[in-house]
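Structure, as structure tokens:
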């Protein structure tokens, strides 16, 4: 502990999961996150855990479903097309109220797309890519260290609320190397997994993990119960970073890799006499709408920058609620916006 | 069958080692003002190592250095492991300087396919070229060298393993040996010497280099290997040159930077 090492984002995710008590990993390879399964295949057997390369993403997510049902801390990892394949299983896991961690290292889409970094899976992650009235907690790190720190949160939140939690990164975060430190985490009080299918152990009733509710009234009740949980999360678990917002004229809203580039752009804009701040959502769901709404009273305009053609910008507009103009700048398909492009957009806004 | 295969490689390797020994005893470096010129006996230089150990940065820097010395250089991007941060991303810039960059062409350059360009054999066989091979990481990346085993085993080459003691799998002796043996077995070639590349990315300080290099020194000694040079980011190299009198310091400029730098 405390010693820094140099890791790729994808490797750091693997080590952080092991440190968070994850002993089961089921996955199927896809670029640009192959270093996660690669790392897990080397490390998990040494920790007495199980690494299994499934025959497909569909099989992998159903293995996650099974292990989570038995109360294990379990993770899977993939990139965009692979996550699409996992969507049915994710919906089942949400419906069965099971905790697990899913990593998506996003690449350009739609379809097979390419292998370069993108942020075009925001809708899929935050609006329920699978079917039904479910939500996932979505964490969006913007450095390798933050990937490590959020992994512990991801497992804790999943256990606390009994639901799937996603870490949404992009190819850049997955592939880049940065020094990381694995800090000792304070354990938080978690509810016992008395629902897990680990044998009756003298109880009268067996535990059954299922997402089937044939009686409409019961299915509605189940959904209301989930919704109650989601409301609680929206109240308690919002995370964001506010940077240089004190006297900003333009607030840029960006997450992940894009937010890192925004910080460079802010410094360059400053040298040209422009006051620009950044609100960086760390939880994409729940979305930090209150801080954005509050900023709308102070700034002249908002600029959302994404590696997509405009997805998160919809949530920004909802949060701003017409108080100030919301502009958008995006690169997509694996292209990464440069600090210069961002400064030019701010210049256009400030006229 | 497997054992027979492996031990025959080792016997072959021993024979080869004597030949390499001659190279080690040759005074291959001389100190110059502001740094050291690293010299090579063979025209084929193979850079292997753990993925993320810094092979690509070192290969690019070596290519530029040797190019500046007036040699005709081909930099071969043989990375079949990494999807990003590969030598091919520097193709345009390096080719302007006259360095030939050999990598999959067109759209294939951006693919995650184990595509190996037929041009590689071309530059290996063309004796007018000094060839630097930037091999993919770990034993998995070194597999691609197997394709050239037939040629390499009958020609003079130098194979180096880049080690960064701050990387998770080469932090200790056990991990290092496993990595080295994996690379040697899957490439069916032998590592001649190490390249010490201790760094913590953008956070690297003098003390990290000293601490990381000490580990590599120990690894090298215990495995009877030489260290070809100590690679140091150019901003720190002057301080380090003053510290080490008996090892060549190779200052490197970093090229594979994230988009916010």
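The values are calculated or read from the model by the stated rules, or taken from the named source; none is laboratory data. Just so it is clear, the structure is predicted and the values come from calculations on it, not from any experiment. Positions of Cβ are generated from backbone atoms using ideal geometry, with glycine treated the same way; all protein chains shown enter the neighbour counts.
Overview of results
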read-out: Selection from segment A:147-175 of residues that are within 14 Å of another protein chain (Cβ to nearest Cβ) and out of contact with any helix residue (DSSP H, G or I) (no Cβ under 6 Å at 6 or more places or on another chain); value: A:169, A:171, A:175
read-out: Complete set of residues in segment B:59-79 that are out of contact with any strand residue (DSSP E or B) (no Cβ under 9 Å at 6 or more places or on another chain) and either surrounded by 20 or more Cβ atoms within 10 Å (Cβ to Cβ) or under 30 Å from residue A:32 (Cα atoms) (or both); value: none
read-out: Residue within segment B:207-217 that is buried (at least 20 other Cβ atoms within 10 Å of the Cβ), within 10 Å of chain A (Cβ to nearest Cβ) and in contact (Cβ under 8 Å) with a residue 60 or more places away in the chain present; value: no
read-out: Test: residue in segment B:197-214 that is assigned to a helix (DSSP H, G or I) and closer than 22 Å to residue B:87 by Cα; value: yes
read-out: Number of the condition not met by residue B:179 [criteria: (1) at pLDDT 95 or above; (2) more than 14 Å from chain A (Cβ to nearest Cβ); (3) part of a helix (DSSP H, G or I)]; value: (2)
read-out: Extreme residue, nearest to residue A:148 (Cα to Cα), among residues of segment A:1-25 that are more than 7 Å from chain B (Cβ to nearest Cβ) and in a loop (DSSP other than H, G, I, E, B); value: A:20
read-out: Selection count, segment B:163-176, where residues are touching a strand residue (DSSP E or B) at 6+ places or on another chain (Cβ under 7 Å), more than 10 Å from chain A (Cβ to nearest Cβ) and farther than 15 Å from residue B:211 by Cβ; value: 1
read-out: Some residue of segment A:87-100 being touching a residue at least 12 places away in the same chain (Cβ under 8 Å), at negative phi and within 14 Å of chain B (Cβ to nearest Cβ); value: no
read-out: Condition broken by residue B:8, with the remaining ones in (1) under 21 Å from residue B:113 (Cβ atoms); (2) assigned to a helix (DSSP H, G or I); (3) modelled with pLDDT under 95 satisfied; value: (1)
read-out: Some residue of segment B:242-253 being assigned to a loop (DSSP other than H, G, I, E, B) and under 18 Å from residue A:177 (Cβ atoms); value: yes
read-out: Tabulated pairs, segment B:249-261, first touching a residue at least 24 places away in the same chain (Cβ under 8 Å) and more than 14 Å from chain A (Cβ to nearest Cβ), second surrounded by fewer than 17 Cβ atoms within 10 Å (Cβ to Cβ) and not in a loop (DSSP other than H, G, I, E, B), C-beta under 8 angstrom, 6+ apart or interchain; value: B:251/B:234; B:252/B:234; B:253/B:234
read-out: Given (1) surrounded by fewer than 15 Cβ atoms within 10 Å (Cβ to Cβ); (2) in contact with a helix residue (DSSP H, G or I) (Cβ under 9 Å, 6 or more places away or on another chain); (3) in contact (Cβ under 8 Å) with a residue 40 or more places away in the chain, number of the condition residue A:198 does not satisfy; value: (2)
read-out: Residue list for segment A:238-254, filter: within 14 Å of chain B (Cβ to nearest Cβ) and within 16 Å of residue A:326 (Cα to Cα); value: A:252, A:254
read-out: Qualifying positions in segment A:176-194 - away from chain B (no Cβ under 11 Å) and crowded, with 20+ Cβ neighbours inside 10 Å; value: none
read-out: Test: residue A:29 is at pLDDT 95 or above, assigned by TED's automatic domain parsing to the domain that holds residue A:83, buried (at least 22 other Cβ atoms within 10 Å of the Cβ) and in contact with a strand residue (DSSP E or B) (Cβ under 9 Å, 6 or more places away or on another chain); value: no
read-out: Qualifying positions in segment A:323-333 - away from chain B (no Cβ under 14 Å) and farther than 15 Å from residue A:250 by Cβ; value: A:330, A:332
read-out: Matching residues in segment B:127-152 - criterion: being free of Cβ contacts under 8 Å to residues at least 40 places away in the same chain and over 17 Å from the mean Cα position of the chain (by Cα); value: B:147, B:150, B:151
read-out: Selected residue [in contact (Cβ under 8 Å) with a residue 24 or more places away in the chain, within 14 Å of chain B (Cβ to nearest Cβ) and farther than 23 Å from residue A:169 by Cβ] from A:336, A:305, A:343, A:320; value: A:343
